[in-house]
Amino acid sequence: MEVLAAVLITVVGAATPLLFAAVGELVVEKSGVLNLGVEGMMVLGAVGAFAVTLTTGSATIGILAGAAAGAAMALVFALLTLTLLANQVASGLALTIFGIGASALIGRSFVGMPVDRLPQLDLPGLSGLAIVGPLLFGHDALVYLSILSIPATIWFLERSRAGLVLRSIGENHQAAHALGHPVIMVRYLALLFGGAMAGLGGAYLSLAYTPMWAENMTAGRGWIALALVVFATWRPGRLLLGAYLFGGITVAQLHVQGFGFAIPAQFLSMLPYLATIAALVAISADGTRARLNAPASLGRIFHPET
Amino acid sequence: MAEQDGMAEQDRPARLQLSGISKQFPGCLANDQVDLALAPGEIHALLGENGAGKSTLVKIIYGVLRADSGEIHWDGQPVSIASPSQARRMGIAMVFQHFSLFESMTVAENIALGLDHGPDLDRLAAQVGEVGRRYGLTLEPERVVHDLSVGERQRVEIVRCLMQNPRLLIMDEPTSVLTPGEAESLFKTLRQLADEGCTILYISHKLQEIRTLCDRATVMRAGRIVATCDPRHETAHDLARLMIGEDFSRASKTAGGTRGAARLQVRGLSMAAAAMHGTPITHIEFEVAAGEILAIAGVAGNGQNTLLAALSGEQLCASAGDIRIEGQDAGDLGPRRRRRLGLAFVPEERLGHGAVPEMSLADNALLTGYERQDLLSRGSIMFSRTRDYAQRIVQSFQVVSGGVGSHAGSLSGGNLQKFIIGRELLQKPKVLVVAHPTWGVDAGAAAAIHTALLDLAGQGTAILIVSQDLDELLQISDRIAVLSDGRLSECMLTAEADIGRIGLLMGGHGRSEGDVNDAGGERRAAQT
């Protein structure tokens with residue numbers, strides 16, 4: 001039983017960075033911008049959080065630095081695509097390549113250095129409960145923040161006026177502009193939020209999941225987050241499901257490998273990707289709904305003067 | 001009485017006064033020293049051909065564009081309108097020609113987006129209901145716009161404007177997508193608004209509706225105001241002459257040509273709709289002979305899109321014999337192979353379907369003309385021939401553009417339509433299928449397109465026109481049929497066709513013969 005609990009806790013660890021990055025990207029895409037630089041923002045967030053935590057000794061400042069690093073990358077992307085009207089796909093790919101390179105450069109002197117794992121929140125009375133205690137109440141603050149970001153995002157997009165404006169801009173930026181909504185400004189803010197969230201995902205990796213810095217330690221998680229957004233048909237609830245499914249199978253296949261089944265490890269490594277895609281495709285089989293959820297202006301450049 | 005009102009109005013300041021407004025775009029002076037005064041409570045028409053500068057002017061009024069020079073007075077006070085939200089705060093509202101709605105959102109959300117500080121959605125729904133009752137514009141706030149008809153969508157736009165209690169309502173070609181019945185109820189709403197003191201600036205080039213609806217008309221040509229008149233006292237022909245600046249004659253079919261062999265035959269064609277909310281077509285049968293123009297009338301959304309997709313080859317038929325071009329089975333052929341047989345096709349949607357907006361006119365000309373115009377040489381494009389071909393289209397059809405290198409998307413709607421029609425006509429097709437040939441095109445250009453179509457028929461091409469514009473169809477077709485709910489009525493000789501019966505067929509009441517004859521008789525009696 002305790003083994004199971006321990007396994008489930010690692011599932012949470014594998015899912016949390018994905019969830020951060022994917023929620024951020026979801027809001028960005030809902031505003032009509034396609035930022036393929038998630039991986040780059042994430043990895044820079046990871047090195048930023050690690051380096052600042054190590055030098056200042058404060059994990060809180062480190063986490064903030066991770067978010068700021070991601071947001072700074074997003075700002076560069078926003079300048080390129082929103083102000084200078086550069087192509088979003090090319091700029092996003094460049095951002096990823098740049099982020100991986102820059103993080104390796106910054107992190108060179110930090111390779112192999114240890115940092116304390118983020119402390120678990122200690123909830124008196126609750127964390128001590130058997131099994132349920134560590135499973136539900138034994139995590140660090142970032143895990144709870146990532147999960148809370150889901151209802152918060154749902155509320156923002158569905159219930160708040162600012163969210164309504166953001167969705168309208170992603171749906172039809174010309175019409176939103178004609179109605180007088182600030183297309184460029186909203187997209188800047190959405191991108192900064194997406195960058196900060198990707199940075200938090202990176203910070204979780206280097207401070208909690210594996211408390212250390214290694215070059216390219218995001219290992220494609222930014223790309224998974226991007227795929228999750230699409231397969232979740234831009235719905236935050238499904239994002240939560242997808243991220244945890246992916247995390248769960250990632251951990252499960254590691255254990256299967258550990259037991260030494262006669263399945264090539266490469267196939268097992270593929271499993272999380274295949275299963276997540278299959279599950280999300282199955283739940284979004286209703287193509288009509290999926291098309292209505294997809295932001296119609298996604299990836300299109302906005303020229304203010306028609 | 002009327003004169004006294006006129007005196008009183010002159011003493012009051014105009015609601016909106018524009019003086020000396022100019023706006024320069026690269027390559028054209030869109031507005032040149034425009035003066036315009038709108039009185040409170042009047043319905044004022046702004047008339048002009050495509051590209052005359054009407055849209056630019058209203059964009060300046062609504063704060064979307066800034067004028068290069070000139071002054072704007074609002075209720076006698078000088079103002080500068082920097083943004084649409086400022087215009088809305090002043091009491092200016094606008095209904096756009098291409099709807100500014102968000103398809104995946106509900107009616108209530110769409111309306112909330114047009115208000116600067118919208119109340120929460122529940123209270124908004126109640127207010128929408130109230131405005132709807134006052135002006136006869138019923139809406140269901142919970143429905144998603146995607147599922148609404150065109151008329152309902154426009155209602156959403158109008159209610160969105162009315163929620164702001166506007167004092168100036170701008171309507172940019174509002175009836176171009178409406179059925180006659182929908183247009184009539186729109187006019188009622190507009191008159192009620194004007195009676196309550198709201199000024200309405202009504203942009204259109206439909207002369208007949210301006211004559212019935214508007215109190216005054218300002219005519220623009222090439223960026224300038226050329227006349228202001230009372231449209232109720234002018235004939236449609238006079239208004240058109242003011243607009244175009246020269247006399248023109250309406251093309252019309254000379255009756256009694258000889259019909260040649262059938263060039264396009266459709267036999268028992270049934271097809272499911274391709275689009276999400278399309279209408280399937282059932283057992284369509286007709287023939288178009290050489291030199292003949294067959295018109296298919298009907299209100300949009302009755303299967304026109306499915307029929308057009310089946311004819312163009314975008315959707316293949318169940319059996320090859322359903323469609324025959326020049327006597328050959330073509331039902332299973334794709335668009336390119338049908339073009340080889342001599343078919344040319346003008347789709348309904350100009351941007352994205354009829355032309356690629358981001359590509360130059362020359363490239364767009366190449367896209368359908370490369371085979372019949374010999375624009376390729378062993379697989380590579382012959383650019384000079386392609387440009388010549390595009391140049392010929394531009395010249396023959398007086399397309400106003402910045403040259404054949406300019407993007408298709410930069411042309412005004414009417415000019416692009418002329419270009420697309422010209423591109424197909426110059427290929428001298430054996431069969432031409434054309435949807436809404438003069439949609440959004442001004443009277444002068446429409447006459448030119450009609451003449452070109454008639455000339456083409458005179459050279460032996462079989463032409464099929466699908467349109468909502470009954471006047472146009474009656475004017476140029478030899479035979480006419482009505483598409484309603486995916487079924488085609490029998491074909492009637494246009495010269496002998498009974499308008500009342502066509503109207504009933506379009507309204508979907510033509511199924512049982514007895515009813516039709518009765519109702520048609522009443523209609524005739526009522527008309528005389």
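The values are calculated or read from the model by the stated rules, or taken from the named source; none is laboratory data. Model, not experiment: these values are computed from the prediction. Neighbour counts run over all protein chains shown; Cβ positions are idealised from the backbone, glycine included.
Out of B:G321, B:G298, report the one residue that is of a type outside the set (A, V, I, L, M, F, W, C) and at negative phi.
On the way: B:G298 fails: at negative phi.
Of the residues listed, the single one that is of a type outside the set (A, V, I, L, M, F, W, C) and at negative phi is B:G321.
Can you name every residue in segment A:72-91 that is surrounded by fewer than 24 Cβ atoms within 10 Å (Cβ to Cβ) and part of a helix (DSSP H, G or I)?
Going through segment A:72-91, the residues surrounded by fewer than 24 Cβ atoms within 10 Å (Cβ to Cβ) turn out to be A:72, A:75-76, A:79-80, A:82-91.
Residues satisfying the conditions are A:A72, A:L75, A:V76, A:L79, A:L80, A:L82, A:T83, A:Q88, A:V89, A:A90, A:S91.
Among the listed residues B:E142, B:E130, which satisfies the condition of being surrounded by fewer than 17 Cβ atoms within 10 Å (Cβ to Cβ), part of a loop (DSSP other than H, G, I, E, B) and either more than 12 Å from every other protein chain (Cβ to nearest Cβ) or in contact with a strand residue (DSSP E or B) (Cβ under 6 Å, 6 or more places away or on another chain) (or both)? Spell out the reasoning first.
Values: B:E130 fails: part of a loop (DSSP other than H, G, I, E, B).
After ruling out the rest, the residue left standing is B:E142.
Based on this model, can you work out whether A:V3 counts as among the aliphatic types (A, V, I, L, M) and crowded, with 24+ Cβ neighbours inside 10 Å? Spell out how you get there, then give the answer.
Details: among the aliphatic types (A, V, I, L, M): yes; crowded, with 24+ Cβ neighbours inside 10 Å: no.
Answer is no for this residue.
Looking at segment B:33-47 only, could you name the residues that are in contact with a helix residue (DSSP H, G or I) (Cβ under 7 Å, 6 or more places away or on another chain) and on the phi > 0 side of the Ramachandran plot?
Result: B:G41, single match.
For segment A:154-169, how many residues are crowded, with 22+ Cβ neighbours inside 10 Å and more than 9 Å from chain B (Cβ to nearest Cβ)?
2
Can you pull out the residues in segment B:165-194 that are within 14 Å of chain A (Cβ to nearest Cβ) and either surrounded by fewer than 17 Cβ atoms within 10 Å (Cβ to Cβ) or of a type in the set (D, E, K, R) (or both)?
Matches in segment B:165-194: B:D172 only.
Looking at B:A93 and the list (1) among the aliphatic types (A, V, I, L, M); (2) under 30 Å from A:A162 (Cβ atoms); (3) in contact with a Pro (Cβ under 9 Å, 6 or more places away or on another chain); (4) at pLDDT below 90, which single condition is not satisfied?
(4)
Given the criterion at pLDDT 90 or above and of a type in the set (K, R), identify the matching residue among B:R385, B:R350. Give the derivation first.
Working: B:R350 fails: at pLDDT 90 or above.
Criteria check complete, one pass: B:R385.
The conditions are (1) in contact with a Leu (Cβ under 8 Å, 6 or more places away or on another chain); (2) crowded, with 18+ Cβ neighbours inside 10 Å, and B:S406 fails exactly one of them. Which is it?
Only one criterion is unmet by B:S406, namely (2).
Quick check: is even one residue across segment B:136-144 assigned by TED's automatic domain parsing to the domain that holds B:R211, free of Cβ contacts under 8 Å to residues at least 24 places away in the same chain and either more than 28 Å from A:L157 (Cβ to Cβ) or of a type in the set (G, A, S) (or both)?
Here is the first cut: in segment B:136-144, the residues assigned by TED's automatic domain parsing to the domain that holds B:R211 are B:136-144.
Pick out the ones that are also free of Cβ contacts under 8 Å to residues at least 24 places away in the same chain and you get B:138.
Filter once more, keeping what is either more than 28 Å from A:L157 (Cβ to Cβ) or of a type in the set (G, A, S) (or both): B:138.
Yes.
Does segment B:317-332 hold any residues that are out of contact with any helix residue (DSSP H, G or I) (no Cβ under 8 Å at 6 or more places or on another chain) and assigned to a loop (DSSP other than H, G, I, E, B), and which are they?
Within segment B:317-332, B:A318, B:S319, B:E326, B:G327 qualify.
Is it the case that segment A:112-130 has a residue that's assigned to a helix (DSSP H, G or I), surrounded by 14 or more Cβ atoms within 10 Å (Cβ to Cβ), of a type in the set (S, T, N, Q) and in contact with a Gly (Cβ under 7 Å, 6 or more places away or on another chain)?
Taking segment A:112-130 and keeping what is assigned to a helix (DSSP H, G or I), we get none.
Within segment A:112-130 (the criterion being assigned to a helix (DSSP H, G or I), surrounded by 14 or more Cβ atoms within 10 Å (Cβ to Cβ), of a type in the set (S, T, N, Q) and in contact with a Gly (Cβ under 7 Å, 6 or more places away or on another chain)), the answer is no, since none of the residues qualifies.
Quick check, is B:D388 buried (at least 22 other Cβ atoms within 10 Å of the Cβ) and among the acidic types (D, E)?
On the way: buried (at least 22 other Cβ atoms within 10 Å of the Cβ): no; among the acidic types (D, E): yes.
Considered against the rule, which asks whether it is buried (at least 22 other Cβ atoms within 10 Å of the Cβ) and among the acidic types (D, E), B:D388 comes out as no.
Would you point out which residue out of B:A112, B:A82, B:A67 is surrounded by 16 or more Cβ atoms within 10 Å (Cβ to Cβ) and within 12 Å of chain A (Cβ to nearest Cβ)? Walk me through it before giving the result.
Details: B:A82 fails: surrounded by 16 or more Cβ atoms within 10 Å (Cβ to Cβ); B:A67 fails: within 12 Å of chain A (Cβ to nearest Cβ).
Only one candidate qualifies: B:A112.
Given A:A208, A:A176, A:A225, which one is at pLDDT below 95 and within 14 Å of another protein chain (Cβ to nearest Cβ)? Talk me through it step by step, then tell me what you get.
Details: A:A208 fails: within 14 Å of another protein chain (Cβ to nearest Cβ); A:A225 fails: within 14 Å of another protein chain (Cβ to nearest Cβ).
Being at pLDDT below 95 and within 14 Å of another protein chain (Cβ to nearest Cβ) holds for just one of A:A208, A:A176, A:A225, which is A:A176.
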